[in-house]
Structures are given as C-alpha cells and as structure tokens.
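This report refers to the structure that appears directly beneath it.
Only the coordinates and a few stated rules stand behind these numbers; no lab work does. All values reported here derive from a predicted model rather than from experimental measurement. Note that each Cβ is placed from the backbone with ideal geometry, even for glycine, and that neighbours are counted across all protein chains shown.
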Amino acid sequence: MMLDYAALHCFSEVLRFGGFDKGAQVLNLTQSAVSQKIKRLEQQVGGPVLVRTKPVTATPLGRQLLVHYQKVSVLEESLSAVAGVDTVASPLSVAINNDVLATWFASVMKKFAAQRPNPVHVYNADQTQTRQLLQQGEVMACISQIGTPVTGGQSVLLGNMNYQLYASPDYINRYLGEHYTPEAVMAAPGLLYDEYDVTLLGDYQQSCLNMRPRVTTCHWYPSSHGFVNMAVEGVAWALLPTLQITKEIAQGRLIPLFPQKHLAVSLFWHWISLESDAMARLSQAVKQVAKSVLTPHQ
C-alpha cells in the first residue's frame with residue numbers, strides 16, 4: 001500500500017495546530033479539503049487516525065502514522081541533500097521541560113541554527129512526561145529524567161541539574177526567623193509550578209529533608225519567569241534550579257534555605273534513530289551545551 005503523503009502532511013498539521021480550521025489556514029486549503037484528505041487517509045489505512053475533540057488528538061493508529069511521516073520527511077531531506085536537490089528543511093519536533101527551556105536550551109538553538117536551517121518545534125512538558133510524547137510519536141526527540149530508550153530510539157545521559165530551596169531575605173524574616181527547621185519551612189507558603197511539580201518537590205523533601213511529601217501550603221504558579229519573581233518578591237519559597245538564578249543569588253535577593261541540601265536530577269537526551277544530518281547536529285548541540293552547564297553524574 002502506497003500511503004498518500006499529501007494527506008499525511010495535512011494530518012500532521014491538523015494535529016500540530018490542534019484543529020481542522022487552524023491546520024487548513026497553515027496549509028492554505030479550505031477546511032473541507034483538509035477534512036476530505038484525512039477521510040481518504042482513514043479509508044486507506046482502515047481506521048480513524050484522529051479523535052475529533054477540541055483540540056484534536058491522534059488515535060493509536062494515527063500516532064503510528066505520525067511517527068512514520070516524521071521519519072520519512074527527515075529521511076527525504078537527507079536523501080535530497082545527497083542528490084543535490086533543493087528541498088524545504090523539515091521541522092524537528094522536540095519535547096523539553098520548563099527548567100531547561102528557562103536556562104540553557106536557547107544556547108542549543110543558537111548552536112543548531114548556526115549549522116542547519118531546520119525549524120525546531122518545541123513542545124513544553126514536564127521531564128517525567130516528555131519521554132511519553134516521544135514514545136507516542138508526537139515528537140522526534142526529548143529531554144527526560146528517564147534513561148531507558150524508546151523502541152527505535154537512542155538515549156544518552158547529559159548530566160545532573162541541581163535544585164535547591166530558595167527564599168528572599170524578607171520572606172525569611174517574615175515567616176521563618178533566624179533559626180528554622182524543615183518542618184517550619186514546609187508549614188510556610190511555598191510554590192508549585194503545576195501538578196507534575198509535586199513529584200519534584202516530594203523527591204526533595206524525602207531525600208534532602210527526610211520528610212514525607214507536603215504541598216498543602218503551596219501556591220500554584222505555572223510560569224518559569226514568574227516562579228522566580230514570586231520567590232524574589234517574598235511571596236513564597238521555591239525549589240529552583242541553581243542555573244536559573246545565579247544573578248539573584250549573587251545579588252543576595254535569593255538565599256538557599258538549606259545550603260548543604262540539593263537535589264540532583266539526572267537528564268537524558270532521547271532521539272529517534274535516523275540517518276539524518278539535522279537530527280545528528282541537534283543531538284550534538286544538546287550534548288555540547290549540556291556538558292558545559294550540567295553537573296557530571298556521580
């Protein structure tokens with residue numbers, strides 16, 4: 001069976017933009033034309049490829065087709081380069097967690113963009129969830145705290161990202177005083193990014209403070225930049241990557257509450273195995289930048 005790759009492209013864009021209307025705008029087609037192409041694709045493969053919700057999602061069959069289409073697009077680009085044929089650079093989709101995006105992934109983008117014209121489409125997800133996006137075929141690479149490679153993929157350990165509990169001097173004076181205990185800190189206002197951040201904070205509480213996880217006093221604030229500002233403004237303590245707040249530490253605006261206690265989170269780069277110069281160069285950029293900023297794994 002020869003797949004209809006024009007229809008697969010439509011399918012990919014509808015998924016990427018979350019619906020038929022936005023997908024059609026990007027493709028410069030009518031919504032009806034896009035719908036018909038995807039219906040014909042479903043007839044060809046013998047089953048639905050989309051769950052028509054808002055936003056639309058891929059069925060298990062659709063995820064398999066998406067993985068196939070992404071691989072073919074990148075491989076065709078590599079083949080065209082060998083043959084000397086001009087082609088549009090295929091986008092590379094990656095899943096990256098908030099803290100990496102807020103600290104060092106821009107340096108990866110700078111290094112990669114100097115070598116390749118491929119757009120990089122970054123999907124934001126917690127480091128415990130990114131590998132699942134790769135496994136489902138929604139992205140071609142990811143940074144994860146899970147090291148086991150997915151089927152058809154590879155992974156490499158990048159290093160450790162270190163987290164400590166920080167608060168402003170005003171916060172310490174207001175809520176904690178000069179002599180404070182872990183119990184007193186956990187009873188005072190804290191910060192969580194989102195529901196996935198509970199796991200990271202719980203790991204810190206258990207391994208660094210020898211406490212059972214406790215999050216009942218935490219505000220939820222899903223913004224990496226705003227997360228730091230909330231701590232600097234004295235609203236709450238926050239578990240932050242040291243890489244993100246070197247300036248605030250140097251200026252004395254944030255102070256580690258337990259200077260000897262840090263949580264080292266191991267990060268792994270995962271990618272789908274392809275004969276692709278673009279993917280190879282992106283992987284190289286990730287590894288080079290990570291080596292310069294992360295702590296070596298002990």
Completion exercise
Quick calc, T148 & R16: beta-carbon distance into FRET formula, R0 35 Å, rounding 0.05, result 0.85
Handout entry: Where labels lie 7 Å past Cα in the beta-carbon direction, separation of A113 and E233 in nm
Key = 3.0 nm
Problem - 14 Å reach of a label modelled at L157, 7 Å along Cα-to-Cβ, counting backbone N of the range 261-283 - result: 264-269
Fill in the blank from the handout: Residues whose modelled amide H sits under 5 Å from the amide H of N97, counting only those 5 or more places away in sequence or on another chain, are A125, I143
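Which length gain, in nm to one decimal place, applies between T246 and Q129 when the Cα-Cα distance is subtracted from 0.36 nm times their residue separation? Could you put the intermediate results ahead of the total?
Numbers: separation 117, 0.36 × 117 = 42.12 nm, distance 2.72 nm.
Full extension from T246 to Q129 adds 39.4 nm.
Subtracting the Cα-Cα distance from 0.36 nm times the residue separation, let me have the gained length for A33 to T53 in nm, one decimal.
Numbers: separation 20, 0.36 × 20 = 7.20 nm, distance 1.89 nm.
5.3 nm is the gain from fully extending A33 to T53.
Could you tell me the calculated FRET efficiency between A6 and D277, based on Cβ-Cβ distance and R0 = 30 angstrom, to the nearest 0.05? Working shown, then result.
Values: r = 25 Å, r/R0 = 0.84.
In this case the efficiency is close to 0.75.
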Completion exercise
For E195 and Q284, extending 7 Å from Cα along the Cα-Cβ vector and measuring point to point gives, in nm, a value of 4.2 nm
Problem - Phi-based couplings in Hz for the range 234-248 (Karplus 6.51, -1.76, 1.60; Gly and Pro marked x) - result: x, 6, 7, 7, 8, 8, 10, x, 4, 4, 7, 10, 4, 5, 5
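For H225 and E178, calculate 0.36 nm times their separation in residues minus their Cα-Cα distance, and state this gained length in nm to one decimal.
Values: separation 47, 0.36 × 47 = 16.92 nm, distance 2.82 nm.
That works out to 14.1 nm of additional length.
Provide the percentage of antiparallel DSSP beta bridges, counting only those with both residues in the chain; round to the nearest 5. The partial results should precede the final answer.
Details: 23 of 34 bridges.
So the antiparallel bridges in the chain amount to around 70 percent.
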Practice task
Step through the residues of the range 20-35 one at a time and calculate ³J(HN,Hα) from phi using the Karplus curve (6.51 cos²θ - 1.76 cosθ + 1.60, θ = phi - 60°), rounding each to whole Hz and writing x for Gly and Pro.
Solution key: 5, 5, 5, x, 5, 4, 5, 7, 6, 10, 6, 4, 5, 5, 5, 4
Handout entry: Neighbour net charge for G234 - beta-carbon separation under 9 angstrom, K R +1, D E -1
Key = -1
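With a cap of 13 neighbouring Cβ atoms within 10 Å, and only residues DSSP puts in a loop, list the GluC sites (Glu not before Pro) found in the range 151-202.
On the way: sites: E178, E183, E195; in loops: E178, E195.
Answer in residue order: E178, E195.
Using only helices, what value at 222 nm comes out for the chain when you add -39,500 (n - 2.57) per DSSP H run of length 4 or more and divide by the total residues, to the nearest 500 deg cm²/dmol? Walk me through the numbers before you get to the answer.
Details: 12 runs with 131 residues, N = 298.
It lands at -13500 deg cm²/dmol.
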Handout entry: Estimated inter-spin distance, V293 and V122, nm [label 7 Å along Cα→Cβ]
Key = 0.9 nm
Problem - Amide H within-cut-off set for V120, under 5 Å, with H built and near neighbours excluded - result: L92
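Rounded to two decimals, what is Rg over Rh for the chain when you use alpha-carbon atoms and the Kirkwood radius?
Values: Rg = 22.4 Å, Rh = 21.3 Å.
Using only Cα positions, Rg/Rh for the chain is 1.05.
Can you give the FRET efficiency to the nearest 0.05 for D170 and F258, using r as the Cβ-Cβ distance and R₀ = 22 Å?
Details: r = 19 Å, r/R0 = 0.84.
Once rounded, the FRET efficiency stands at 0.75.
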